[in-house]
Amino acid sequence: MCEGDCKGAAKGRPNMKPVYPKAGSYPDFAKLVDRENAQVDRRVFTDEQVYQAELRQIFARSWLFLAHESQIPNPGDFVRTSMGEDDVIVVRQRDGSVNAFLNSCPHRGNRVCMVDAGKKARGFICNYHGWSFGIDGALRGTDGKVYEKDETFEKAQIGLTPVAQVDSYKGLIFGTFDPDAVSLLEFFGDFTYYLDIMLDNDEGGTEFIGGAIKSEIDCNWKFPAENFVGDILHAFWTHQSGAQAILGGGVDLGKRYDELAFQASIYGHGIETNLDKVGNTRTLGYPDLVDYAFELSEKAKDRLGELRARAIGAVSSCTVFPNFSFLPGQNTFRVWHPRGPGKIELVVWTLVNKNAPDHIKEQYRKGVMMTFSPGGVFEMDDGENWEYSTRVNQGFVTRQQPLHYALGIESADMERDLPGHIHKGSLNDANQRLFYTRWAEFMEHDNWTDLQNGATAAPKKTATAAE
Amino acid sequence: MMIELCPSAEIAEGEIKRVDVEGLPAVAIARHEGALYVFPDRCPHADESLAEGWLEDGRVICGVHFAEFDLDTGEVHNPPVGCPNLSFFKCEDRDGTVFALLTGDNANV
Ligand code: FES
Ligand code: FES
Ligand SMILES: [Fe+2]
């Protein structure tokens, strides 16, 4: 800045280029995950410094879910969301591509977009001094015929900060703040094999229906993320009464559990599934949906093969690292946005196949609302557990105590020819251990070469291909 | 005096084009349902370029704060506070060239 004694107009003009923060390395935090002994230190759920490191190492670098293509079909259509705690606008451009920008005016920082979503926006005008930005993020103009008279004002280099990379996979749009991040496909690794169970089980693709449901839960974001990555164990106790009410019986993982059920993990993304065809779909309470899922499973064998076709409606759950989760069969998709170490904002959508009949879409929408919304039978069960798992650690002595993540430490399945780390049985802590291992990799490494070649990368399977 | 601006073929249907005129402020030329409209390339609200805006339902939309001006009367809609109406210059398409009366009072067509 020009402090008074500088002469000449060119001096001291602000550099308004976007800033993409560099990652650091936090080996001490990485050690909070003890792989040897299958334990996680409770500080990862409560410590403010750990949380700030997560924002830097994980949320400023990972590919994060932004929106479904179907939410913003036309130029100017937009949704507002978060990447970590950063407020972001995701908007369809005139050329059909999607861009995302920080929702903060480069003048004094005010939000430029106040609403959750909108159609055909012409641009975004900041409420404070009237700076106006196009849907391409560029500063279009200002207010009051003031800046025009100031010859030093360089409008062309001012704009909303673009999210460094935006890309989509089969309808789902993701973004990362890291210009050096590997591509979205590399970030997924072979995990797309499992994502396709929901995203590619029918020709015509998928869409979100019925808007979003938002709520807050006073828990650390990793409790729900680890729950969806591989904790079907809790369903037997936590969800028993809900299941009883809807199904007239308990949670059932299918007769062929021992033979079929497994967990798979790549780069911390994980899915657990029982391959029982319709166990999840059944809990929505509509017989028509069960029929639909059975038929779909039959039809999808051509696209996905026998195994993945069985997973479409099965008792199963999935998290894409770090905080995007969904339930196959129940079709609820959600992001656990961190809001400090002890709070999340949860946003939930319902995904359906575009080609599904209207009454089926409607039953999915209602079914999800009755089960996995703030007032839903199952969501309520979960929230309270995660809140107390978080809150108890305010106790100084409590938070020194060890936690147990050791179910199935010797259950690795080397035989099954599936992508990633495979473990036998869905009742297992394996995916959760790998989720925290990925977390530790992000804490430790400041570069993508190390990030993509650590313990969570898919193991090289040597023998299987030859046989 | 009518001043020559540009070949009328350069103004496509539904588009606005900026034309610089020596010694005078730049003008914008728009074509809507075949007809040509010439007006200052300066939004009456805060002086921003209207050629960088667009046409929508028979109105010029300013791309900055989204004031909308009727193409026939210049009447402003959705005005930011204090935004006056837009004035148009008399114009003609003479054998494929756009001419407009840029001096004297602006006259709404
Ligand atoms: S803070 Fe946005 S215009 Fe001033
Ligand atoms: S400059 Fe045109 S509406 Fe403000
Ligand atoms: Fe649950």
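The candidates B:Ile16, A:Ile266, arranged from most to least accessible area with a 1.4 Å probe in the full protein assembly, appear as B:Ile16, A:Ile266. Under a 5 Å amide H cut-off, with hydrogens placed 1.01 Å from N, A:Asn103 pairs with A:Asp87, A:Val88, A:Ile89 among residues at least 5 apart or on other chains.
The protein assembly as shown: D in µm²/s via Stokes-Einstein (Kirkwood Rh, Cα pairs, 10 °C, 1.306 mPa s)? Translational D for this selection: 59 µm²/s. Ranking A:Lys120, B:Lys17 from most to least accessible surface, computed with a 1.4 Å probe over the protein chains only, gives A:Lys120, B:Lys17. Applying 1/(1 + (r/R0)^6) with r as the Cβ-Cβ distance of A:Ser70 and B:Glu22 and R0 = 51 angstrom yields a FRET efficiency of 0.50. When accessible surface is computed with a 1.4 Å probe, chains A and B are found to bury approximately 1100 Å² between them, both chains counted.
Between the amide H of A:Arg140 and those of A:Ser132, A:Phe133, A:Gly134, distances stay under 5 Å, these residues lying 5 or more places away or on another chain, with hydrogens modeled in the peptide plane. Of all lysines in the structure, those lying under 16 Å Cα to Cα from A:Lys343, and not within fewer than 8 positions of it along the same chain, are A:Lys214, A:Lys222.
Bridgeable aspartates and glutamates around A:Lys301 (alpha carbons under 13 Å apart, same-chain partners fewer than 8 residues away excluded): A:Asp196, A:Asp200, A:Asp202, A:Glu203. At an R0 of 60 angstrom, the distance between the Cβ atoms of A:Lys170 and B:Arg94 translates into a FRET efficiency of 0.60. For A:Asn220, the residues whose amide H sits under 5 Å from its own are A:Thr390, ignoring neighbours fewer than 5 places away on the same chain, with H placed 1.01 Å from N.
The stretch between A:Glu415 and A:Gln452 holds 10.9 nm of extra length on full extension. This uses 0.36 nm per residue minus the Cα-Cα distance.
On the beta carbon distance between A:Glu295 and A:Arg256, with R0 = 30 Å, the FRET formula returns roughly 0.90. The 3J(HN,Hα) values that the Karplus relation (6.51, -1.76, 1.60; θ = phi - 60°) gives for the range A:272-281 are, in residue order, 10, 8, 10, 6, 8, 6, 9, x, 5, 4 Hz. Gly and Pro appear as x. Listed values for the range A:100-114 are Karplus-derived 3J(HN,Hα) couplings in whole Hz (6.51 cos²θ - 1.76 cosθ + 1.60, θ = phi - 60°), namely 9, 9, 4, 8, 8, 6, x, 7, 10, x, 4, 4, 9, 10, 9, and x replaces Gly and Pro. Scaling against 2.2 N^0.38 Å puts the C-alpha radius of gyration of the range A:309-420 at 1.34. Among the protein heavy atoms, those of A:Thr390 account for about 10 Å² of accessible surface (1.4 Å probe, every chain in place). Taking every protein chain into account, the accessible area of the range A:82-239 amounts to 41 square angstrom per residue (probe 1.4 Å).
Taking 0.36 nm per residue of separation and subtracting the current Cα-Cα distance, fully stretching the chain between A:Tyr128 and A:Leu233 would add 32.7 nm.
Ignoring everything except DSSP H segments at least 4 long, calculate the 222 nm mean residue ellipticity for chain A; use -39,500 (n - 2.57) per segment, divide by total residues, nearest 500. When only DSSP H runs of four or more count, the value is -8000 deg cm²/dmol. With the convex hull drawn around the C-alpha atoms of the range A:189-462, the volume per residue stands at 135 Å³. Per-residue 3J(HN,Hα) values for the range A:313-319, derived from phi via the Karplus relation 6.51 cos²θ - 1.76 cosθ + 1.60 with θ = phi - 60°, read x, 6, 5, 6, 7, 8, 10 Hz in sequence order (x marks Gly and Pro). Taking 22 Å as the straight-line reach from the Cα of A:Lys299, the lysines in range (excluding those fewer than 8 positions away in the same chain) are A:Lys170, A:Lys277, A:Lys354, A:Lys361.
The values are calculated or read from the model by the stated rules, or taken from the named source; none is laboratory data. The shown structure was predicted, so the numbers you read here are calculated from the model rather than taken from an experiment. Note: ideal-geometry Cβ built from the backbone for every residue, glycine included; neighbour counts use all protein chains shown. Keep in mind that these areas ignore ligands, DNA and RNA; they rest on the heavy atoms of the full protein, side chains included. Shrake-Rupley method; radii C 1.70, N 1.55, O 1.52, S 1.80 Å.
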